[in-house]
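Everything below concerns the one structure shown next.
Every read-out reported here was derived from the displayed coordinates using simple, explicitly stated rules and does not represent laboratory data. None of the values given here were measured: they were computed from a predicted structure. Heads up, the Cβs are rebuilt from the backbone with ideal geometry, glycines too, and the neighbour counts pull from every protein chain shown.
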Amino acid sequence: MTVLLLLQILLATASPASLHFSTVAIPLPGADGPVSLDYLAADRTTGQVWIPAGNTGSVDVLDVARRKVTRIEGFATRSRETRAGTRVMGPSAVALGNDIAFIGNRATAEICSIGTHTLAKIACAALAAAPDGVAYVPTAREVWVTTPRDQSITIVDARDPARLKQAARIPLPGKPEGYAVDAARGLFFTNLEDKNQTLVIDVKSRQLRKAWPSACGQEGPRGLAYEQHRQLLFVACTDKVEVLDAGHDGAIMATLETGAGVDNIDYLETQASLYVAAGRAARLTVARVGEHGRLTTLGTTSTAEGARVVVVSGDGTAVVADPVHGGVLLVDPRP
């Protein structure tokens, strides 16, 4: 960690201030109704947010500062029957690494690579099971994919983005949900939604190291976020967030009630700020992460029904998925 980043964290945690919010709705191109939105990814170097827009068969790239959306088309979609009725599956997850975006497509059970500068598709690799979350592990130059249908992590060799291939499969004792990576220590974190646990997997050996119990209750844990410096792991329950001591025994250090309907969360380390979108409560919460992982709410603002996914750009702007209205919400929190 650089001295500058450490200083930013110390300043952020020392002087919490309440926030005021401004919100702008951004419609996604090709959306004439609700859009299936799940995993998003923020590139904090370029100020872009990548948005797989499932049933539109496209991936949208949002320039946060310019509020401009560029559409990348040509992804397959497929209709499937679910408990909630017929659903159109398509691109649903994204991970960023080494100037490449890795897109998971549930319709075709594959991972595709896209150049982040050219926005051109490079190659695709078929997987043995449909992908859910997608994470890039830079030290191994691999893409780790949560594949809950067959209770596993699927590993894709991404050393050559033009020749992606499934390299390994790690069986798990439950359905993985969410992900976070500790690149410095070579660790991969995921939850078992149906077992109410958070797992720690060694990247190099691909062995399960630890299984920590969560206190999320019957619906289990969902998304994850991580702070490298203090080794804090943030676990999203459906109505709150827990902070785990990931550097030691995984003990719960703090909790924060956020409202119902939480899924994927995000953390901005330079501001020591945690962002949580609650879809049923239609609310975004921004919290300061202080000493010993203590959580202090800086502010909340209304979003939209079903807005349960958030990522944050480098300047602190939140991008909240708004699937019901076929777009995203840009939420700018200011002191």
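Given their separation in residues at 0.36 nm each and the Cα-Cα distance between them, Lys204 and Arg149 gain 17.4 nm when the chain is fully extended.
Relative contact order, whole percent, for the chain stands at 15, derived from Cα pairs under 8 Å and 6 or more residues apart.
Here region 134-153 is scanned for amide nitrogen atoms under 11 Å from the site 7 Å beyond the Cα of Ala76 along Cα-to-Cβ, giving none. Its DSSP H runs of at least 4 residues, each contributing -39,500 (n - 2.57), put the calculated 222 nm mean residue ellipticity of the chain at -1000 deg cm²/dmol, to the nearest 500.
For P(r) over Cα pairs in 10 Å bins from 0, in percent, the value calculated from this model appears in (i) 5, 21, 29, 22, 13, 7, 2, 0; (ii) 6, 25, 32, 24, 11, 2, 0; (iii) 6, 28, 38, 25, 4, 0 under label (iii). The GNM of the chain, with springs linking C-alpha atoms under 10 angstrom apart, assigns the highest mean-square fluctuation among Phe75, Phe234, Phe21 to Phe21. Using a cutoff of 8 angstrom between alpha carbon atoms and counting only pairs six or more residues apart, the relative contact order for region 127-248 works out to 15 percent.
Our estimate of slack between Thr45 and Arg83, defined as 0.36 nm per intervening residue step minus the Cα-Cα distance, is 9.7 nm. Charges were assigned to the Cβ only: +1 to each Lys and Arg, -1 to each Asp and Glu. The resulting dipole of the chain about its Cα centre is roughly 420 debye. For the chain, modelled as a GNM whose springs connect Cα atoms under 10 angstrom apart, the maximal fluctuation among Thr139, Thr77, Thr300 occurs at Thr139. Length gained on full extension, Asp63 to Arg280, computed as 0.36 nm times the residue gap minus the Cα-Cα distance: 75.4 nm. Shape class for region 143-232: oblate, because the ratio a/c of the largest to smallest gyration tensor axis (alpha-carbon atoms, square roots of eigenvalues) is 1.5 or more and b/c is at least a/b. At what distance in angstrom do the alpha carbon centres of region 259-275 and region 83-104 lie from each other? Taking the Cα centre of each part, region 259-275 and region 83-104 sit 21 Å apart.
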